[in-house]
Amino acid sequence: MNIFRLAGDMTHLLSIVVLLLKIRTTKSCAGISLKTQELYVIVFITRYLDLFTRYVSFYNTAMKLVFIGTSVAIVWYMRLHKVVKQTYSRDEDTFKHYLLIPPCFILALLIPLEFTVTEILWSFSIYLEAVAILPQLLLLQRSSNIDNLTGSYVFLLGAYRALYIVNWVYRFFTETHKIRWIPWISGLVQTALYADFFYYYIKSWKNHEKLRLPA
Amino acid sequence: AAKESSHDEL
């Protein structure tokens, strides 16, 4: 475990804490894409299939349980909680997220880490995570005003994978000296999708003005 | 080794 990976995991955890904080304190999920959250449930479940078969460390197992548990809880809040579900921007969250699944699955069949069920699903999860943020980014473009917690959530979510990229570079030079095409290319695509959001987020933060994404 | 290392991350 290196500092970059730990920072990445903590940033990822913090993003989820911020989102849960927003939902629980404001009892609202306005501006949050349910479709992105549903994709994350699929990402975590297909990635952590080895949760009970391969023990890496207490930290690894605990974090996997937290990520699966919180992502399911967020979908539950947005779909079933009597107050929160009323605040879901249903008619703006229109990205056809189910269209993302077949290409990622086909890509996982074509380029798996290994041709076994768990590795194909692991690769699928890596590819899907790269594009899972698209419904959320589209929703942000449509949101007239993005509240601070939502903006912070998306920023932290983008920052975590950027930190993972630094971790991969660090591990390449200090440990493995192996190129890992699947997570690296997916991670670069994933982080690149946040590029314009990062630009407008940092600009709004520097100018102390409300975050707005051009339509 | 590659497989192991890629699966110790989240």
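Could you sort A:13-24, A:176-187, A:117-128 so that the peptide with the highest average Cβ count within 10 Å comes first and the rest follow in order? Kindly include the intermediate steps, with their values, before the conclusion.
Values: A:13-24: 18.2, A:176-187: 15.2, A:117-128: 21.1.
Result, highest mean Cβ count within 10 Å first: A:117-128, A:13-24, A:176-187.
Figure the gain on full extension for A:Phe172 and A:Tyr199 (residue separation times 0.36 nm, minus the Cα-Cα span) and round it to one decimal in nm.
Numbers: separation 27, 0.36 × 27 = 9.72 nm, distance 2.85 nm.
Full extension of this stretch gives 6.9 nm more.
Excluding A:Ser15 itself, calculate the net charge of residues whose Cβ lies under 14 Å from the Cβ of A:Ser15, where each Lys or Arg counts +1 and each Asp or Glu counts -1.
On the way: positive: A:Lys22, A:Arg161; negative: A:Asp9, A:Glu129.
Counting the neighbours of A:Ser15, the net charge comes to 0.
Can you tell me the dipole magnitude for chain A around its Cα centre, using point charges on the Cβ only (Lys, Arg +1; Asp, Glu -1), in Debye to the nearest 20?
Working: 22 positive and 13 negative charges, 95 e Å.
Charge dipole of chain A: 460 debye, to the nearest 20.
Report the relative contact order of the range A:73-143, percent, no decimals, based on alpha-carbon pairs under 8 angstrom and at least 6 residues apart. Mind dumping the intermediate values first?
Details: 46 pairs, mean separation 22.5, N = 71.
Relative contact order comes out at 32 percent.
Report the chymotrypsin sites (Phe, Trp or Tyr not before Pro) located in the range A:38-115 that are in a DSSP loop and have at most 13 other Cβ atoms inside 10 Å of their Cβ, or state none. Each step should come with its number before you reach the end.
On the way: sites: A:Tyr40, A:Phe44, A:Tyr48, A:Phe52, A:Tyr55, A:Phe58, A:Tyr59, A:Phe67, A:Trp76, A:Tyr77, A:Tyr88, A:Phe95, A:Tyr98, A:Phe105, A:Phe115; in loops: A:Tyr48, A:Phe52, A:Tyr55, A:Tyr88, A:Phe95, A:Phe115.
The qualifying sites are A:Phe52, A:Tyr55, A:Phe115.
Can you flag which of A:Lys22/A:Lys206; A:Lys22/A:Lys85; A:Lys35/A:Lys206 are past 21 Å Cα-Cα?
On the way: A:Lys22/A:Lys206 23 Å; A:Lys22/A:Lys85 14 Å; A:Lys35/A:Lys206 30 Å.
Pairs exceeding the cut-off: A:Lys22/A:Lys206; A:Lys35/A:Lys206.
Coordinate-derived values only; no laboratory data. No experiment lies behind these values; they were computed from the predicted model shown. A quick note on method: Cβ atoms are made from the backbone with ideal geometry, for glycine too, and the neighbour counts reach across all protein chains shown.
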